């Protein structure tokens, strides 16, 4: 506890902002988790190569897209959340009465004068800013991490799997993909490739 | 000195403005435009009053590492397996593998992640509350000695404005000398948040290890168990 104040300055003032902190922890967590999961997939001999060609890029893309979306979407939503409070849209109840019939920039000025007159309300206002920001960030991370990311990672991983299977079977590739180019009927093409590659195998090098 | 005609001067000024802003002006104009548009939208939304001490705000302000992990885990199990199983861009077998892996990874990852983060939070809280109590007991002694000095000088305490002013001054001087505040009530929330941050940071550090030592092996094990159960890895030739 000797350096309590020094550490406090660093952690409490920088990282106690929940939206920022959630982002840092999430990024580190995803990167480490993806590395571990990819390692486990690579050494898992029970999973056929064909499935590994999908599952490994899926795992890598999961982390990459998650991190990107989290940084882009969540941070922006967190900022919008705090602006919602600072601009007088979601405010503590007592303050809301003062803002009832006011619109536009006057709201910000009213908030400032209210807090100057009622310094005891500053903590509550700041608490609301942080909480609303965290709420918005959380919604962003759920939409980004658990809805958008799975669709995007699956799409990219399926393209990768298909490309690899095509490369390993160029004869089949020419026969089917040239005469029947990809036009949204991915499943049919995939089925052809899978039949053709059922008895072939190769080591995946990633 | 050559005279600069007003016209030339005007042109020069114009050029200077344009030149200096040639790379920045578009960007700054765009930024301004974006900010103006956002402002317009913000201004159109009516005000909503919310109880700062209510359940929603208190819950959101208390969200830390483990809560976040749990929320993300629960929503992941509700959405991701469904998305994986309905991924028509791959064959059924890959789809099933992907779904099994996602379910197992989410359940294992959430369970281990929440436990680790909760554990490190408890450790941090125990350590920090003990530490803060030491700080406060030392600081409190100093305050009481300062108060005694003040009382000897005829300052009334704890009643009246003078007494309150004195306590405030004493606290301020202690804060300046030691860098530590003595207003425990005001600092409680700060210490709690600080403990939360330390706990979560520790949790992430521990997770770096558990991801490799617990999560990945367990995910591998249970993926294989369920793959066998659904007859996905029955063809040994293909597996190799």
Inter-centroid distance (Cα atoms) of the range A:98-162 relative to the range B:89-117, Å: 29 Å
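Per-residue mean of other chain beta-carbon atoms within 10 angstrom of the beta-carbon, peptide A:122-132? Walk me through the numbers before you get to the answer.
Working: counts 0, 3, 4, 1, 2, 7, 6, 0, 5, 11, 5.
What the average comes to for A:122-132 is 4.
Over all directions, what mean area does the Cα convex hull of the range A:40-92 project, stated in square nanometres? Provide the component values of the computation, followed by the final result.
Values: hull surface 21.4 nm².
Seen from a random direction, the Cα hull of the range A:40-92 projects 5.4 nm² on average.
Please compute the Kirkwood hydrodynamic radius of the range A:16-161 from all pairs of different C-alpha atoms, in Å with one decimal. Write down the numbers at each step before the final one.
Working: mean 1/r = 0.0566 Å⁻¹.
Every distinct Cα pair counted, the radius reaches 17.7 Å.
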FRET efficiency estimate (nearest 0.05) - Cβ-Cβ, residue A:45 to residue B:53, R0 56 angstrom: 0.50
Two-decimal log10 I(q)/I(0) for the range B:24-65, as the Debye equation yields it once each C-alpha is a single scatterer, q = 0.32, 0.33 Å⁻¹: -0.99, -1.01
Angstrom value of the Kirkwood radius, inverse mean 1/r, which spans all Cα pairs in the range B:32-132: 17.8 Å
The range A:105-145 - Rg (one decimal) and Dmax (whole number), Cα, Å: 13.9, 42
Distance (nanometres) between label positions extended 7 Å along Cα→Cβ at residue B:92 and residue B:35: 5.9 nm
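Laboratory data are not the source of any read-out in this text; all were calculated from the coordinates shown. Note that the coordinates shown come from a computational prediction; the quantities given were computed from them, not determined experimentally. No Cβ is skipped: glycine too gets one built from the backbone with ideal geometry, and neighbour counts run over all protein chains shown.
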